[in-house]
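Here's the structure we're looking at; comments come further down.
The values are calculated or read from the model by the stated rules, or taken from the named source; none is laboratory data. No experiment lies behind these values; they were computed from the predicted model shown. Neighbour counts are summed over all protein chains in view; Cβ atoms, including those assigned to glycine, are modelled from backbone coordinates with ideal geometry.
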Amino acid sequence: MSASDNFNYSQWGTNNYHTICGLIAESALYGIYIALVAYALRLLGFGDGNRSKPRLLTLFSLLLMFAVSTILWALDITDFLRGLHKILIDTDGTAVQRNADYLIELNPRVVIQTTFFSVEYLIGDAVVVWRACAVWGYSRKIIFLPILMLTSATVLVSIFVGCLGVHDWAYIAGEPETCYKSYLGVFFLSLSTNLMATTLIATRAWMHHRLLLRSSGQKSTVTRILILLVESGLIYLLIWATKSISAFGTLSSTLTGQFAVSMLNSMGNQIVGLYPTLLVS
């Protein structure tokens with residue numbers, strides 16, 4: 001390190017500490033995800049010989065989400081290791097110059113990660129909505145609004161990617177306002193879709209519970225499963241709502257907030273696929 005090198009090693013070290021903690025949490029969730037996908041594969045693909053189209057489509061969706069989660073996990077590790085290499089191992093130029101070069105190199109990967117993450121939670125939302133609609137017997141009145149919201153989210157993701165393309169894929173340095181607003185809209189549509197799905201399942205659980213109270217006064221296995229789906233849905237909504245708040249950038253104003261954002265971003269790559277997989281397993 002030369003005396004003229006004005007690189008902020010303290011901030012860089014703090015950022016890497018946050019990244020390492022996020023990678024540890026993400027890797028732990030990825031391990032759980034592997035076990036859950038293996039169970040879902042056995043249950044949906046090879047459990048009882050049932051090869052119906054809806055079942056195979058669900059299995060394909062789960063495997064696609066798992067593949068995307070795997071790619072995101074691998075890219076997170078790549079980003080971290082490349083950053084270490086650029087600053088600590090590469091000796092060409094000052095640390096400030098090397099960091100600037102790294103950010104230029106990082107930008108395309110972040111665009112890919114953001115796009116893949118968007119695709120993952122669109123698939124996840126579709127699985128969650130499908131499960132909620134199945135509970136209601138695929139009523140057209142029930143299906144219409146969730147499908148409309150899913151379609152709107154898909155359109156906004158396409159607008160976001162197209163917007164980045166028009167503006168030379170600028171993301172890390174600050175994406176244009178139109179791109180930012182379209183991506184923010186996707187967050188809230190996804191949150192609203194999951195809230196609607198959880199509400200639909202909760203309503204069905206309540207109706208089923210009241211029906212059983214009138215007949216036998218005892219909870220059935222179906223009721224317990226529905227309650228479990230509602231509880232897990234509420235936990236997922238809480239995590240998703242917190243992550244959506246981080247999109248405003250207000251959490252990043254403090255050191256604790258930066259740590260929280262880093263953890264949520266890393267864990268979100270796996271949680272988005274984990275919850276729908278848990279839902280169908």
So which pairs qualify, if the first residue must be in segment 100-116 and under 22 Å from N6 (Cβ atoms) and touching a residue at least 24 places away in the same chain (Cβ under 8 Å), the second must be among the charged types (D, E, K, R) and in a helix (DSSP H, G or I), the Cβ gap must be under 8 Å, and the two must be at least 6 apart or on different chains? L106/D79; L106/R82
The residue that is nearest to the chain's Cα centre (by Cα), considering only those in segment 118-166 that are more than 22 Å from M267 (Cα to Cα), of a type in the set (S, T, N, Q) and not in a loop (DSSP other than H, G, I, E, B), is T154
Answer yes or no: is there a residue in segment 199-215 that is in contact with a Lys or Arg (Cβ under 7 Å, 6 or more places away or on another chain) and at pLDDT 85 or above. no
Expected single match for in contact with a helix residue (DSSP H, G or I) (Cβ under 7 Å, 6 or more places away or on another chain), in contact (Cβ under 8 Å) with a residue 24 or more places away in the chain and closer than 30 Å to D76 by Cα among V157, V135 is V157
